[in-house]
1. Which of rounded, prolate, oblate describes segment 12-69, given a ≥ b ≥ c as roots of the alpha-carbon gyration tensor eigenvalues and a/c under 1.5 marking rounded, otherwise prolate only if a/b is larger than b/c?
2. Looking only at VAL94, VAL129, VAL17, which one moves most when the chain is put into a Gaussian network model with springs between Cα atoms under 10 Å?
3. Quick one: give the max-minus-min coordinate of the C-alpha atoms of the chain along each principal axis, largest first, in Å.
Amino acid sequence: MIATMTETPAGVQQLPVIELVRPMPGFPDTHRFTLESLDETGVLSALRSLDHADLKFLVVPPGTFHPTYAPEIDDETADALGLTSSEQALVLLVVHAGRDLASTTVNLRAPIVVNIETSRAAQVILDDVAHSVAAPLLG
């Protein structure tokens, strides 16, 4: 298993086309995305589909909001992404926007892991039930 990096590497504000090695649950025909920074700090980003123009996910790196979050992905997923070390992995949490920041949540159970060297990615469903699919953003 590879423990994944939870901070955005310096200089990674926008990656080229991100190719999912397997589609996200509920989106079987969506494989290509781009990551676009939505704020000056690079914390809030949009994972925007290139296959469906109206589809995007708000994402954040966990380190800002959940600094102790350190998911481990299985060897099969690491191999599919071409990951050999945690330094290659960018972890993103899908945000569910609430009425305000206090009601906004993130999915800790299914992070998106991107190999920053190859731009291959996957949404990883973790076995650890301690991770919530609707954890408060402001932990």
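Laboratory data are not the source of any read-out in this text; all were calculated from the coordinates shown. Since this is a predicted model, take the numbers as computed values, not measurements.
1. The shape class here is prolate.
2. VAL129
3. 37, 34, 31
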